[in-house]
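J.: Take this structure first; my questions come after.
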Amino acid sequence: RAAVHGAAIALVSEFGADQVTLPTVAQRAGVNPSTLYRRWGTLAALLADVAQHRGDAGAPPLAGDLRTDLENQAVWTLAELSRPGGIAFFRAEVAPDVDERHDGLRECLRRVSERFRPVLDAARERGDAPPPPTLEQVLDRIVAPLYFRVVFSIPGTDEAYVRELVAGFIGEPSG
């Protein structure tokens with residue numbers, strides 16, 4: 001699985017998802033294509049599996065300040081989506097016809113929520129005033145705009161935009 005996932009990530013990053021096939025992934029991974037067809041069936045199912053298992057390796061640690069922590073997680077989220085192939089893995093994961101046994105939308109939302117939940121929990125534990133926003137508010141006002149802007153390739157979706165978005169959300173002037 002690791003070899004196949006690595007090959008898929010590399011190929012999608014190099015050529016784009018629309019130029020990758022299961023046989024090319026199999027060749028790069030050094031396995032028989034029939035193995036991939038048996039296990040995943042389609043390239044979309046393989047890409048969805050990669051997205052689900054990539055995890056949050058490399059996500060920034062908590063800094064201990066709500067604004068900084070929200071910015072750091074949002075900047076990291078943007079970087080993950082914006083890297084070569086990032087949006088292809090997201091699209092594959094949330095596609096409705098990938099695998100009827102897997103609810104990609106729910107899994108993606110769970111994973112993103114788990115990225116931001118510790119930020120809010122830590123702020124509550126510190127007793128930050130005013131009380132931190134809810135997870136739903138963070139998803140609606142920070143995460144959703146990032147995904148929207150990346151999916152539609154809106155210019156200016158960069159780290160500065162993320163910092164402005166967070167600053168506007170929590171009501172502080174940006175640096």
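J.: I'm checking my understanding of the structure. Among residues of the range 144-160 that are free of Cβ contacts under 8 Å to residues at least 24 places away in the same chain and within 20 Å of Arg67 (Cα to Cα), which one is least open to solvent (accessible area, probe 1.4 Å)?
T.: Among those that are free of Cβ contacts under 8 Å to residues at least 24 places away in the same chain and within 20 Å of Arg67 (Cα to Cα), it is Pro145.
J.: If you go through the range 123-134 one residue at a time, do you hit one that is at pLDDT 90 or above, under 16 Å from the mean Cα position of the chain (by Cα) and more than 24 Å from Val4 (Cα to Cα)?
T.: no
J.: When you check Glu172 against the structure, is it modelled with pLDDT of 95 or more, over 20 Å from Glu114 (Cα atoms) and open to solvent by 50 Å² or more (accessible area, probe 1.4 Å), yes or no?
T.: No: the conditions fail for Glu172.
Residue by residue, here is whether (1) surrounded by 14 or more Cβ atoms within 10 Å (Cβ to Cβ); (2) free of Cβ contacts under 8 Å to residues at least 40 places away in the same chain; (3) not in a helix (DSSP H, G or I) holds:
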| residue | (1), (2), (3) |
| --- | --- |
| His5 | yes, no, no |
| Leu36 | yes, yes, no |
| Leu47 | yes, no, no |
| Leu62 | yes, no, yes |
| Phe90 | yes, no, no |
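J.: Let me ask you something else. Quick one: in the range 13-26, of everything that is open to solvent by 30 Å² or more (accessible area, probe 1.4 Å) and touching a Pro at 6+ places or on another chain (Cβ under 8 Å), which residue is nearest to Ala167 (Cα to Cα)?
T.: Ser13
J.: Among the candidates Leu81, Leu105, which residue alone is among the aliphatic types (A, V, I, L, M), touching a residue at least 24 places away in the same chain (Cβ under 8 Å) and either surrounded by fewer than 17 Cβ atoms within 10 Å (Cβ to Cβ) or assigned to a helix (DSSP H, G or I) (or both)?
T.: Details: Leu105 fails: touching a residue at least 24 places away in the same chain (Cβ under 8 Å).
So the residue among Leu81, Leu105 that is among the aliphatic types (A, V, I, L, M), touching a residue at least 24 places away in the same chain (Cβ under 8 Å) and either surrounded by fewer than 17 Cβ atoms within 10 Å (Cβ to Cβ) or assigned to a helix (DSSP H, G or I) (or both) is Leu81.
J.: Just to be sure before I move on: is Phe116 modelled with pLDDT of 90 or more and exposed (fewer than 12 other Cβ atoms within 10 Å of the Cβ) in the structure I sent?
T.: On the way: modelled with pLDDT of 90 or more: yes; exposed (fewer than 12 other Cβ atoms within 10 Å of the Cβ): no.
For Phe116, the condition - modelled with pLDDT of 90 or more and exposed (fewer than 12 other Cβ atoms within 10 Å of the Cβ) - is not met.
J.: Quick one: Thr68 ticks every box in (1) within 30 Å of Ile170 (Cβ to Cβ); (2) touching a helix residue (DSSP H, G or I) at 6+ places or on another chain (Cβ under 6 Å); (3) β-branched (Val, Ile, Thr) bar one, so which box is it?
T.: (2)
J.: I'd like to check something: does the range 83-98 contain any residue that is aromatic (Phe, Trp, Tyr), closer than 21 Å to Glu114 by Cβ and at pLDDT 85 or above?
T.: Within the range 83-98 (the criterion being aromatic (Phe, Trp, Tyr), closer than 21 Å to Glu114 by Cβ and at pLDDT 85 or above), the answer is no, since none of the residues qualifies.
J.: May I ask you to list the residues in the range 50-88 that are among the hydroxyl-bearing types (Ser, Thr, Tyr) and under 12 Å from the mean Cα position of the chain (by Cα)?
T.: Thr77, Ser82
The values are calculated or read from the model by the stated rules, or taken from the named source; none is laboratory data. In this text the structure is predicted, and so the values were computed from the model without any measurement. Reconstructed Cβ throughout: ideal geometry from the backbone, glycine too, with neighbour counts over all protein chains shown. All accessible areas refer to the heavy atoms of the entire protein, side chains included, with ligands and DNA or RNA removed. Shrake-Rupley method; radii C 1.70, N 1.55, O 1.52, S 1.80 Å.
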